[in-house]
Every structure is written in structure tokens, then in C-alpha cells.
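Quick notes on the structure that follows.
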Amino acid sequence: MKKALCVISGGMDSTLCAYLAKKEGYEIIALHLDYNQRTMNKERECFNKICKELNIQTKYILDVSFIASIGGNSLTDYALEIPKEKLHEVEVPNTYVPFRNGIFLSIAGAIAEKEKCESIFIGVVQEDSSGYPDCSEKFIQKASEFINEGTTNSCKVQIKTPLVHLNKSQIVALALKENVALEHTWSCYEKEDKACGKCDSCLLRLRGFKEANAKDPIVYE
């Protein structure tokens with residue numbers, strides 16, 4: 001069976017990508033990365049529940065806490081305040097973790113080579129997001145080039161980003177169509193018990209459900 005390495009954060013987008021990978025007939029190798037973010041424990045809990053839902057047998061949970069040591073973002077630095085009610089301001093918000101997807105994809109490339117995966121699935125969204133530079137289609141193309149250039153000739157990996165040009169309402173609609181266990185996903189940047197409902201990630205998620213005429217199954221403050 002062909003294999004896909006799925007980077008699964010525990011969020012809605014990456015979870016949907018894993019479901020789509022399974023639908024395409026891939027055996028899924030799941031990758032989750034802990035970087036001492038505020039909602040690390042909740043995200044890991046969601047990851048494990050998603051793996052159980054999809055009957056994923058091989059999974060990696062890796063400690064990449066050096067990302068928090070680098071800092072420069074409000075997800076890991078409690079001295080910085082997470083922006084609230086400021087969706088789609090001109091500047092990239094401080095929730096952007098410098099080159100996070102570049103780091104993640106480097107690790108994913110190594111595991112994909114070891115596990116002999118044909119594809120890497122990552123839930124980046126370019127069209128309807130906070131404007132993070134490492135979520136663009138162009139960046140993903142470059143990442144695919146450096147992974148394939150830096151691995152053995154027998155390793156030919158395609159990075160798949162099925163959501164990159166969708167908006168959140170389309171993502172929600174597709175997730176509902178594919179019967180994704182959305183109750184096991186988490187988007188909030190700040191809280192682990194009840195989602196704050198005010199950070200960019202919560203606002204995007206809530207807007208997506210509203211525009212899709214659906215009810216979000218997770219609990220908000």
C-alpha cells in the first residue's frame with residue numbers, strides 16, 4: 001500500500017487532510033510536533049484521538065521545543081499578548097512562529113524518506129488565513145524541491161496541500177461531507193479548556209462554520 005506522511009497538529013485543517021489522504025487510499029504515517037506552545041497538551045490530546053478515529057498505526061510525537069527557545073511569537077512567549085478581534089489586519093500577527101512550517105517540513109521529509117512515503121500532506125491555507133508566509137503555495141513548491149534535492153534518489157516525495165486555495169467555509173463544508181470528527185479538533189491559540197473565540201484562529205473557524213450554516217461542536221467561552 002502507498003504511504004503518506006500526514007503532519008497533524010490537532011487542528012481542523014490538518015485533520016481534514018489526513019481524512020482526505022485516507023480516502024485516496026494511503027496508509028497514513030502521522031506526525032505531531034510539540035514546541036511548548038500554549039495549547040500543546042490539548043493539541044496532542046486531539047492528535048491521539050484523531051489517530052484512533054483513523055486507525056493510524058504508526059505515529060510520531062516529537063519534541064521540537066527549541067522553537068520556543070528561538071521565540072519571537074506569542075504562541076510560545078507568554079510575555080507577548082495574543083491579538084484578539086484583529087483578524088486580517090495588514091501586518092502578519094505575532095502568532096506567526098518564524099519558519100515553523102519550514103522546520104516541520106524538514107522533519108517530515110526525513111520521516112517520509114525513512115518510512116518510504118510517496119506523499120506528505122500538510123494543511124496549509126493560503127487564501128483565508130492570517131497571512132503567514134510559510135503557508136503559501138509558492139513556499140510549499142520550494143519546500144518540495146529542497147526535500148527531494150536533499151534526499152536519496154530513491155526518495156521521491158510530493159507535498160500535497162488540498163486546502164491551500166479553500167476558504168474556511170469550504171473547509172468546514174468539506175470536513176462535514178467527509179465525516180471528520182471535528183469534535184476532536186482544536187483551533188484556539190490560547191486556551192485548552194474552552195476556546196477563547198477571539199484569537200485569529202478561533203475567529204476564522206467560527207466564521208467558517210457560520211458561512212457553512214453549521215454548528216461548531218467544540219466549546220467556547
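Assess whether Ile28 counts as being modelled with pLDDT of 95 or more, buried (at least 22 other Cβ atoms within 10 Å of the Cβ) and more than 25 Å from Asp128 (Cβ to Cβ). So that I can check it myself, show each step before the final result.
On the way: modelled with pLDDT of 95 or more: yes; buried (at least 22 other Cβ atoms within 10 Å of the Cβ): yes; more than 25 Å from Asp128 (Cβ to Cβ): yes.
Yes: the conditions hold for Ile28.
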query = In region 68-109, which residues are of a type in the set (A, V, I, L, M, F, W, C) and open to solvent by 50 Å² or more (accessible area, probe 1.4 Å)?
reply = Ile70, Ala79, Leu80, Val90, Val92, Phe99
inquiry  = Checking Ser154 against (1) open to solvent by less than 40 Å² (accessible area, probe 1.4 Å); (2) modelled with pLDDT under 95; (3) of a type in the set (S, T, N, Q): exactly one of these is not met. Which one?
reply    = (1)
query = What about Glu127, is it of a type outside the set (Val, Ile, Thr), under 29 Å from Ser65 (Cβ atoms) and open to solvent by 70 Å² or more (accessible area, probe 1.4 Å)?
reply = no
ask   = Which of the residues spanning region 5-43 are part of a helix (DSSP H, G or I) and of a type outside the set (D, E, K, R)?
value = Met12, Ser14, Thr15, Leu16, Cys17, Ala18, Tyr19, Leu20, Ala21, Met40, Asn41
request  = Scan (1) crowded, with 20+ Cβ neighbours inside 10 Å; (2) assigned to a loop (DSSP other than H, G, I, E, B); (3) of a type outside the set (Phe, Trp, Tyr); (4) touching a strand residue (DSSP E or B) at 6+ places or on another chain (Cβ under 9 Å) for the single condition Ala112 breaks and write down its number.
outcome  = (2)
key: First in region 199-210 and closer than 17 Å to Leu16 by Cβ and open to solvent by 10 Å² or more (accessible area, probe 1.4 Å), second anywhere and at pLDDT 95 or above and hydrophobic (A, V, I, L, M, F, W, C), Cβ under 7 Å, 6 or more apart   = Ser201/Cys188
query = Residue check: is Ala79 over 30 Å from Arg207 (Cβ atoms) and modelled with pLDDT of 95 or more?
reply = no
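Provide a single number: the residues in region 130-151 that are touching a helix residue (DSSP H, G or I) at 6+ places or on another chain (Cβ under 6 Å) and either in a helix (DSSP H, G or I) or open to solvent by 70 Å² or more (accessible area, probe 1.4 Å) (or both). Walk me through how you get there before you give the answer.
We begin by selecting, within region 130-151, every residue touching a helix residue (DSSP H, G or I) at 6+ places or on another chain (Cβ under 6 Å); these are 130, 134, 143, 147, 151.
Those left that are additionally either in a helix (DSSP H, G or I) or open to solvent by 70 Å² or more (accessible area, probe 1.4 Å) (or both): 134, 143, 147.
Here the count works out to 3.
Taking the conditions exactly as written (within 22 Å of Thr39 (Cα to Cα), in contact with a Phe, Trp or Tyr (Cβ under 6 Å, 6 or more places away or on another chain), among the small types (Gly, Ala, Ser) and part of a loop (DSSP other than H, G, I, E, B)), does Gly197 satisfy them or not? Write out each step before concluding.
Numbers: within 22 Å of Thr39 (Cα to Cα): yes; in contact with a Phe, Trp or Tyr (Cβ under 6 Å, 6 or more places away or on another chain): yes; among the small types (Gly, Ala, Ser): yes; part of a loop (DSSP other than H, G, I, E, B): yes.
Yes; evaluated as a whole, the condition is true for this residue.
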ask   = Inside region 44-67, can you point out the residues that are open to solvent by less than 30 Å² (accessible area, probe 1.4 Å) and either assigned to a helix (DSSP H, G or I) or among the basic types (Lys, Arg) (or both)?
value = Cys46, Phe47, Ile50, Cys51, Ile67
ask   = under 20 Å from Asn41 (Cα atoms) and either part of a helix (DSSP H, G or I) or modelled with pLDDT of 95 or more (or both), is that true of Ile171?
value = no
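The values are calculated or read from the model by the stated rules, or taken from the named source; none is laboratory data. This is a predicted model, so every value here is computed, not measured. So basically every Cβ, Gly included, is an ideal-geometry build from the backbone, and we count neighbours across all protein chains shown. Just the protein is used for accessible areas: all its heavy atoms, side chains included, with ligands, DNA and RNA removed. Shrake-Rupley method; radii C 1.70, N 1.55, O 1.52, S 1.80 Å.
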